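Worksheet: the structure to be examined is printed underneath.
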Amino acid sequence: MDLDTTPGSLAPPAVRMSTISKRTVRDIDVAGKAVLVRVDFNVTCHPGTTRISDDSRIRASLPTVRYLLERRCRVVLCSHLGRPNGREVEELRMAPVSRRLSELLGMPVTQARDCIGAETKRLVGALPRGAVLMLQNLRFHPGEESNNAGFAAALGSLADIYVNDAFGAAHRAHASTAGVTRYLPAVAGFLMARELQMLGDAMGSPRRPFVAVLGGAKVSDKIAVLHSLMANVDTLIVGGGMAATFFRAQGLAVGASLTEDDLVPSAGDIIQTADELGVRLLLPEDLVVADEFSATALHQEVRAGEIPPDWLIMDIGRRSTALFEGALESAKTVVWNGPMGVFEWEPFAEGTGRIARALARLRGATTIIGGGSTAHIVSALGLAEKMTHVSTGGGAALELLSGRSLPGVDALIDNPAPAAG
């Protein structure tokens with residue numbers, strides 16, 4: 001049975017072993033056990049409040065939590081929230097997350113006052129089978145981010161089995177993602193497995209044509225991904241502010257747009273490599289530029305290379321948008337990470353919005369949104385359910401697409417190699 005790729009599906013997916021080398025929660029006996037589950041409940045809240053504005057990360061781990069509850073496990077959830085830097089911060093407590101999870105599960109969720117210690121162990125011991133305990137914010141302890149062995153051991157002492165369902169934190173070698181696996185059998189949850197499979201399939205066995213769309217402000221954020229994708233894609237689309245560095249490599253004027261001078265040679269190498277490999281590399285042909293970085297700035301549309309001095313790239317132009325939409329029409333696999341412009345401001349949001357809607361219109365294609373701001377964009381536009389997969393991890397997704405290993409994945413139990421013959 002293949003992975004359920006129905007957009008928005010919360011059913012526990014079966015994972016194709018050809019695309020994931022780690023054991024999952026399906027592969028071990030969890031019945032009646034105490035299970036420590038690392039989730040990524042680092043949710044966003046309305047400014048100045050603790051009211052959750054986007055609960056998608058909580059919803060994403062529901063299949064794993066429900067699977068364990070159905071098997072009468074004592075489910076102990078742990079997550080970080082924000083950046084408290086090793087100290088207790090009142091507005092970063094996990095209680096609002098526990099309340100929302102309780103609503104989604106339709107059952108009580110007990111909130112611990114700490115994530116380790118005697119009281120926490122007592123709460124775990126008193127937890128009935130088929131119940132949920134939420135630990136306090138892991139990052140209230142400096143031992144979390146430093147991967148302190150004592151802190152990891154204390155977490156490990158709370159359970160019989162460890163499940164990592166926090167893909168968004170898998171690129172961090174922290175106590176709750178890597179260190180704890182020295183003390184407990186460690187497997188992937190359903191969300192983790194789905195992320196690895198979808199991104200792994202895109203890089204390992206994509207249906208073609210395979211188109212990658214990369215945007216955002218800086219080439220440095222994406223340089224490793226660009227090099228990795230170059231050997232795999234049929235078409236590479238580059239937009240956003242990072243296009244300025246490619247223009248510089250072509251000797252084109254960029255006005256006052258941010259460029260990363262030390263990466264201009266790398267951008268030139270990518271242009272040359274695309275030509276040598278027969279990869280279609282599309283850069284903007286026209287741009288929306290502004291006289292200052294402001295939502296109310298004067299702006300105009302100009303051709304690439306004709307940006308006035310002291311003006312900034314803010315979005316791709318209409319001609320470029322149509323060009324990019326055309327390149328996507330025949331795609332069978334698309335990976336998108338990074339906006340085409342300053343999408344937060346309405347005058348410069350059109351390019352990003354049209355790319356999102358172009359992906360939503362595709363039929364019979366695998367569309368993968370590479371987390372981070374791109375995931376927020378498709379969600380805000382109401383298009384998330386029209387995508388095959390919206391990754392929950394921006395940084396982790398970029399690391400994986402770059403061909404790098406993720407500490408939180410490396411630490412999980414490998415699947416045995418298939419028998420020869």
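Just name the residue that is surrounded by the most Cβ atoms within 10 Å (Cβ to Cβ) out of those in region 168-224 that are small (Gly, Ala, Ser), outside any helix (DSSP H, G or I) and free of Cβ contacts under 8 Å to residues at least 60 places away in the same chain.
Looking at residues that are small (Gly, Ala, Ser), outside any helix (DSSP H, G or I) and free of Cβ contacts under 8 Å to residues at least 60 places away in the same chain, I get Ala175.
Within region 92-109, how many residues are under 20 Å from Ala166 (Cα atoms) and either of a type in the set (D, E, K, R) or open to solvent by 60 Å² or more (accessible area, probe 1.4 Å) (or both)?
Number satisfying all stated conditions: 3.
For every residue, the table says whether it meets (1) farther than 30 Å from Asp201 by Cβ; (2) surrounded by fewer than 21 Cβ atoms within 10 Å (Cβ to Cβ); (3) touching a helix residue (DSSP H, G or I) at 6+ places or on another chain (Cβ under 9 Å); (4) touching a residue at least 12 places away in the same chain (Cβ under 8 Å).
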position	(1), (2), (3), (4)
Leu226	no, no, yes, yes
Gly240	no, no, yes, yes
Gly251	yes, yes, no, no
Asp262	yes, yes, no, no
Ile270	no, no, yes, yes
Leu287	yes, no, yes, yes
Phe293	yes, yes, no, yes
Ile307	yes, no, yes, yes
Asp310	yes, yes, no, yes
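Which residues, taken from region 286-299, are within 29 Å of the chain's Cα centre (by Cα) and under 15 Å from Phe247 (Cβ atoms)?
Leu287, Val288, listed by residue number.
Taking interchain pairs and intrachain pairs at least six residues apart, which have beta carbon atoms under 6 angstrom, with the first residue in region 134-156 and touching a residue at least 60 places away in the same chain (Cβ under 8 Å) and the second surrounded by fewer than 24 Cβ atoms within 10 Å (Cβ to Cβ) and charged (D, E, K, R)?
Pairs that qualify, where the first residue is touching a residue at least 60 places away in the same chain (Cβ under 8 Å) and the partner is surrounded by fewer than 24 Cβ atoms within 10 Å (Cβ to Cβ) and charged (D, E, K, R): there are none.
Is there a residue in region 77-91 that is open to solvent by 10 Å² or more (accessible area, probe 1.4 Å), closer than 20 Å to Leu196 by Cβ and modelled with pLDDT of 95 or more?
There is no residue in region 77-91 that is open to solvent by 10 Å² or more (accessible area, probe 1.4 Å), closer than 20 Å to Leu196 by Cβ and modelled with pLDDT of 95 or more.
The values are calculated or read from the model by the stated rules, or taken from the named source; none is laboratory data. Source: prediction; values computed, not measured. Cβ coordinates were reconstructed from backbone atoms using ideal geometry, including for glycine residues, and neighbour counts include every protein chain displayed. For accessibility, only protein heavy atoms count, side chains too; no ligands or nucleic acids. Shrake-Rupley method; radii C 1.70, N 1.55, O 1.52, S 1.80 Å.
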